[in-house]
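Data block below; observations after.
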Amino acid sequence: MRRTPSRRLFAAALLVASVLAPMATLPATAAPTPARYGHDDVPRHGHDDVPRHGHDDVPRHGLGREMTERLDRAIAEVREQAGIPGVVVGLWMPGKGSYVRATGVADTVTRLPMTTDSYVRIGSETKTFTVTALLELVDEGRIALDDPIAKYVRGVPNGHRITLRQLAGMRSGLFPYTADAGFTHDLLSDPERYFNPRELLTYGFRHANTFGPGEDFQYSNSNLVLLGLVIEKVTGRTLADVIHERVLRPAGLHHTLFPQDDEFPEPHPRGYTDQTLSGEIEDVTNWNPSWAWAAGAMISDLHDLRRWAKVVATGELLSPETQAQRLRMLPTGYPGTDYGLGIFETNGWIGHNGSIPGYETVTVYLPSQKATLVIMINTDVVAEGQEPSTLLARAITAVATPDHVYDGSVITRP
């Protein structure tokens, strides 16, 4: 079935939205969706449990045969149901072991297998890096969370009342620029073009605010673009440089980057989406992510995301007081998920997910068990009304942490 961009709207592209909506329950008699990419003949390569980047603290033992086989089956079933070309999963549970697997294909034409050393576009996980950079400035006293955005950026509708805290917590009421029909048309007509951050905001500012500051929750990439501009104004540096020097380097993330234009290090899988002008599934690997900027342009790999999950959830780069503000979770209106400042909590798991045309990720940390889960896939095509990364996260945690099942679901498209 073809999906048109107007139905999906890009309002939920870069998806924390995939964890912020009612669960879509499949009928008991529904048959799994046939795999779109012929996965049955795919060799299961790249299943090593040892990373390539010298992470000496990686467990060298697995979770046991029974648990491993159950996880293998759960992932295979979701991959078949959702038609996911390739999947990388890393699950680390101190005291119990680890599970690191790559299955499926990185390229549906060449049948090159997915591998655990791949780079992927991480979509909305970028928000965790942008907000961390912002909160470091809070710790230094250079900004305050309750400053109005008008102090830093002119022309924001109701900007004298909208605070940086409300922007980071998705409670500003600013219209999401990705939901503007003109933006969707312009992006899909020329997906390799460069978008300036202020140009992005003009798409959203054409519309009235959807509610008053702090009155409700609405996931909006306009919020993060504004925070990126605040960071640049206060530091006098580009956002990419600030994130590299103040976040990535101190966190020890050597395979994570804020790309320039369509830069994409090798190796990386091809990415597939149906968010196209035709509504057909296309290879969108080389789309320019500048349109997502501070909200979703970044790239990373499995083992950097593993490290980042704990850093961001425990506040290693921030003062305890600022981290406590970050983790002050407020209701989103969607069962099972609360949102803090550029981070969410769902049934004990803390972190963020990401979706950008062609790729989806999940990076979460479970403090009660010091467990980390990272998922990377090379499609964002919705299956049975659900984001494929959400289906995987739910299936994996149902096996590995049954008392803490990732409780997300995709927003219902119009």
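Summary of values
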quantity	calculated
Set 101, 121: member being among the charged types (D, E, K, R) and either at pLDDT below 95 or touching a Pro at 6+ places or on another chain (Cβ under 7 Å) (or both)	121
Residue match in segment 347-356 (condition: surrounded by fewer than 24 Cβ atoms within 10 Å (Cβ to Cβ), in contact with a helix residue (DSSP H, G or I) (Cβ under 6 Å, 6 or more places away or on another chain) and not in a strand (DSSP E or B))	no
Contacts under 9 angstrom Cβ, first residue in segment 262-283 being over 24 Å from residue 102 (Cα atoms), partner among the hydrophobic types (A, V, I, L, M, F, W, C) and surrounded by fewer than 20 Cβ atoms within 10 Å (Cβ to Cβ), 6 or more apart	275/188; 276/188; 277/188; 279/1
Candidate set: segment 172-224, residues that are touching a Leu at 6+ places or on another chain (Cβ under 9 Å) and aliphatic (A, V, I, L, M); chosen: the one nearest to residue 295 (Cα to Cα)	224
Out of 374, 382, 405, sole residue that is closer than 18 Å to residue 274 by Cβ and either in contact with a Lys or Arg (Cβ under 8 Å, 6 or more places away or on another chain) or among the polar types (S, T, N, Q) (or both)	382
Residue match in segment 50-58 (condition: touching a Phe, Trp or Tyr at 6+ places or on another chain (Cβ under 9 Å) and at pLDDT 50 or above)	no
In segment 221-249, residue farthest from residue 144 (Cα to Cα) [restricted to those that are hydroxyl-bearing (Ser, Thr, Tyr) and surrounded by fewer than 19 Cβ atoms within 10 Å (Cβ to Cβ)]	238
Members of segment 250-267 that are part of a loop (DSSP other than H, G, I, E, B), surrounded by fewer than 20 Cβ atoms within 10 Å (Cβ to Cβ) and at pLDDT 95 or above	252, 254, 255, 259, 264, 265, 266, 267
Restricting segment 198-241 to residues that are of a type in the set (Phe, Trp, Tyr) and assigned to a helix (DSSP H, G or I), the residue that is farthest from the chain's Cα centre (by Cα)	205
Output for segment 311-337, where each listed residue is modelled with pLDDT under 95 and either under 28 Å from residue 242 (Cα atoms) or among the small types (Gly, Ala, Ser) (or both)	333, 336
Residue in segment 178-191 that is modelled with pLDDT of 95 or more, out of contact with any His (no Cβ under 7 Å at 6 or more places or on another chain) and closer than 24 Å to residue 321 by Cα present	no
Residue list for segment 107-126, restricted to those being surrounded by fewer than 24 Cβ atoms within 10 Å (Cβ to Cβ) and not charged (D, E, K, R)	108, 109, 110, 112, 113, 115, 116, 118, 119
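Yes or no, residue by residue, for (1) part of a helix (DSSP H, G or I); (2) touching a Ser or Thr at 6+ places or on another chain (Cβ under 6 Å):
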| site | (1), (2) |
| --- | --- |
| 304 | yes, yes |
| 309 | yes, yes |
| 313 | yes, no |
| 345 | no, no |
| 369 | no, no |
| 398 | yes, no |
| 405 | no, yes |
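The values are calculated or read from the model by the stated rules, or taken from the named source; none is laboratory data. In this text, all values refer to a predicted model and were calculated from it rather than measured experimentally. Note that each Cβ is placed from the backbone with ideal geometry, even for glycine, and that neighbours are counted across all protein chains shown.
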